[in-house]
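Structure first, then comments.
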Amino acid sequence: MENQLYNHPLFKTRSELMSRDESIALSYQRARVVMQTYRLTAQDVQFCSPRFWALMMDPILCQDVALFTMLAAHVGLTIGTLSRHLKRRPDFKPLVQRLLRFDTVGIYLLTERGHGLDAFNIETTATKTADGYILHTPREEAAKFMPASTPSFKIPKVALVMARLIVQGEDRGCRFFVVPICNEREMYRGVKSVKLPPRSGTTPLDFSITTFDHVQLPHTALVSSNITDLSRPSRPLEAWWDEIWRIQLGTMAVPAPWISAIKSIAYIGGRYSMHRSLLGKSDIPTPIIAFRTQQWPIAHATAVGMVLANWYPVAIRESMENTSDHRVRHAMSVITKTTICRHFQRCVSEVAERCGAQGTFEQNYMAKIENDGKGVIIAEGDVLTLCIRLFSELLQNHFDVPLPDPSSSLLARHAHSVLEENRQLFSTLQCDHRSETFNSLMLPQSEPVIQALGHAMAYSAALQAGLPKAVLDVYECAVMRQDSAWYSEEAHITRMQQRLREDAAISSFMPKLDYYLEQLNIDKYVTAPIVSNKSWQDYVATLPVFSGNAVPEMGLFQAVL
């Protein structure tokens, strides 16, 4: 399936010289091709089959983040949410079939402009009437924020809209409703979409603010296996989490393209550094990869790409197959997303900077993917907020996550140590997890601890898979950089010893750099012109050329004494 996609003409088309709308239209066209290629079923999506994960992990998605953004919501959230009800709601089947063919785009309208991550307290209402429901946005702050809801690209859209169910004046909690948004030409009556300005430096999509003005919905619009059950849940928060159950799976799915992005970054930076040369005093060209300051970011990104590509399928099995505890499943999703996203942010900035001016141009991938990466940080749950919640649960011993034995590696020892020292601190403080003391002293440690757990898991998986020692050593050194003080204080590896370990790791890694770059298996997806002199020259030949016959007036250059 991968071969069919990267050889498809739509994926050979470069978008950086297109207008914004032309680029968005291309992403929608590509989305239909992807859906037709993978031919997912509702069961594939509901139960997250290998075919579903193959789609999420396809390297083609990291080349067009707008494409991935719409598919993550369309497949993972919209189709996924509806799929659970198909057995008892056969009336949903025609819609799901249209979504699976990408004849209709599914969008997921959960968060609101005035609430953001506090989505439990949304204000959009769906009021029960004799004929069904009236969907309404009561004020500007209750507008649904971000999903692409415009009719600009000639494709119908339908949304799952979360609203407060109001029955006889009583709030019965949050429910999803199926709401037609637009046809191929215009919005449906009562639905308004305000197109947002572009996000700076990113792959464009028609992100919008969506509001509803007393939109009439039928009884069947309620997303439920039993549309007659309108009772208020006894535990509203748990019921809300059950409604948005696909978000937890989305937390695991959204970082998948960023592993391919890290590999692309390593490949681009590595190949560029091999042919980009400086002239020394002897007038002999010296490739910039000869300098240690250039070697580290390339080796770092390459090792991280190899380790994460190996770990991600293991993490999926741990969260989807090896546990029935939904808390552990979500914890693994949070750890995986946090670890991958933060590795990505460190790698892309390092490599792009070492590519100089070339690293800032859109056609060379790195500048745009770095900006696109900021979106995934908040998609399906903001990384820091997810870490805060998980960290609080771990400190209170609500459950445990499957950590490697502390004796198995230095990184595993670090993970156990930082988690335990924070548990002890929490016990010593004798405070509530919602107290000001907890807010001041504990919460700032949440993300570093969750990252440490992910580092240990990723390294353990790489060790068990038999990845080359040089790769493992570079990865270990990169992680040690994140908490140098602990390794000095607790592992008794001084700062100078850490630098020497790093030097030894890079010295072992660099002789096989060319081989490791090939092992990333990403070269056929890379379109950055700077990977070779020939590809750069071929690219320049496609750019607009300005020339003329004007002759400068010599008077312009008269000297002033």
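Worth a mention:
- Of all residues in the range 38-66, those being open to solvent by 50 Å² or more (accessible area, probe 1.4 Å) and either under 18 Å from Ile316 (Cα atoms) or assigned to a helix (DSSP H, G or I) (or both) number 6.
- Out of Thr78, Thr127, sole residue that is assigned to a strand (DSSP E or B) and either closer than 25 Å to Asn226 by Cβ or open to solvent by 10 Å² or more (accessible area, probe 1.4 Å) (or both): Thr127
- With respect to (1) over 17 Å from Ala119 (Cβ atoms); (2) assigned to a helix (DSSP H, G or I); (3) open to solvent by less than 30 Å² (accessible area, probe 1.4 Å); (4) hydrophobic (A, V, I, L, M, F, W, C), the lone exception for Met274 is condition (3).
Yes/no matrix, rows are residues, columns are (1) open to solvent by less than 30 Å² (accessible area, probe 1.4 Å); (2) out of contact with any Leu (no Cβ under 8 Å at 6 or more places or on another chain):
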site: Ser208; (1), (2): yes, no
site: Ser224; (1), (2): yes, yes
site: Ser231; (1), (2): no, yes
site: Trp245; (1), (2): no, yes
site: Pro255; (1), (2): yes, yes
site: Ile268; (1), (2): yes, yes
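- Inter-residue pairs, beta-carbon under 9 Å, first among the charged types (D, E, K, R) and in the range 35-59, second not in a helix (DSSP H, G or I), 6+ apart: Arg51/Met1; Arg51/Arg39; Arg51/Leu40; Arg51/Thr41; Asp58/Met1
- Among residues of the range 324-382, those that are of a type in the set (A, V, I, L, M), open to solvent by 20 Å² or more (accessible area, probe 1.4 Å) and under 24 Å from Arg292 (Cα atoms), counted: 2
- Which numbered condition Thr220 misses (of (1) within 26 Å of Glu141 (Cα to Cα); (2) touching a helix residue (DSSP H, G or I) at 6+ places or on another chain (Cβ under 7 Å); (3) in the same structural domain as Thr104 (by the TED database); (4) not in a loop (DSSP other than H, G, I, E, B)): (1)
- Scope the range 482-503; condition farther than 16 Å from Ser409 by Cα and open to solvent by 60 Å² or more (accessible area, probe 1.4 Å); matching residues: Gln482, Glu489, Thr494, Arg495, Met496, Gln497, Arg499, Leu500, Asp503
- Single condition Leu110 does not satisfy, out of (1) in contact (Cβ under 8 Å) with a residue 60 or more places away in the chain; (2) touching a Pro at 6+ places or on another chain (Cβ under 8 Å): (2)
- Close Cβ contacts (under 6 Å, 6 or more residues apart or on different chains) running from residues in the range 357-382 that are touching a residue at least 12 places away in the same chain (Cβ under 8 Å) to residues that are of a type in the set (Phe, Trp, Tyr) and in a helix (DSSP H, G or I) comprise Gly373/Phe344.
- Out of Ser427, Ser409, Ser435, Ser440, one residue alone is within 23 Å of Ile340 (Cβ to Cβ) and open to solvent by 10 Å² or more (accessible area, probe 1.4 Å). It is Ser409.
- The number of residues in the range 130-141 being open to solvent by less than 40 Å² (accessible area, probe 1.4 Å) and assigned to a loop (DSSP other than H, G, I, E, B) comes to 1.
- One residue from Asp21, Asp91 being more than 30 Å from Ser200 (Cα to Cα) and touching a residue at least 40 places away in the same chain (Cβ under 8 Å): Asp91
The values are calculated or read from the model by the stated rules, or taken from the named source; none is laboratory data. What you see is a predicted model; the values in this text were computed from it and never measured. All Cβ positions, even for glycine, are placed from backbone atoms using ideal geometry, and neighbour counts span all protein chains on display. To get the accessible areas, we keep the full protein, side chains included, count just its heavy atoms, and leave off ligands, DNA and RNA. Shrake-Rupley method; radii C 1.70, N 1.55, O 1.52, S 1.80 Å.
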